[in-house]
């Protein structure tokens, strides 16, 4: 697997949690993270209000702010692919 920046990992986590509520296990396995990395990213993304944690269902969901981040991230990714 190639090197991924923290921005790439953030984008991937937000994609996973977009639309449907995602558990820690689902995010960890689909984003190819170990538990320590997962905890760090989930704390960071919830503090920055890019992810929302639902205590009742114990799942994460991408917020509106997170969706805006994803939009900009995907636009940048497309521009870099063309260049």
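Every read-out reported here was derived from the displayed coordinates using simple, explicitly stated rules and does not represent laboratory data. Here the structure is a predicted model, which is why all the values come from computation and not from measurement.
For the stretch 34-74, the C-alpha radius of gyration divided by 2.2 N^0.38 Å, with N the number of residues, is 1.20.
When the helices of the chain are scored as -39500 (n - 2.57) per DSSP H run of n ≥ 4 and the total is divided over every residue, the value at 222 nm lands at -19000 deg cm²/dmol. Computed from Cα atoms, the angle from the helix 35-47 axis to the main principal axis of the chain rounds to 90 degrees. Across the chain, the convex hull enclosing all Cα atoms gives 95 Å³ per residue. On a 0 to 90 degree scale, rounded to 10, what angle separates helix 64-82 from the longest Cα axis of the chain? Here the helix axis deviates by roughly 30 degrees.
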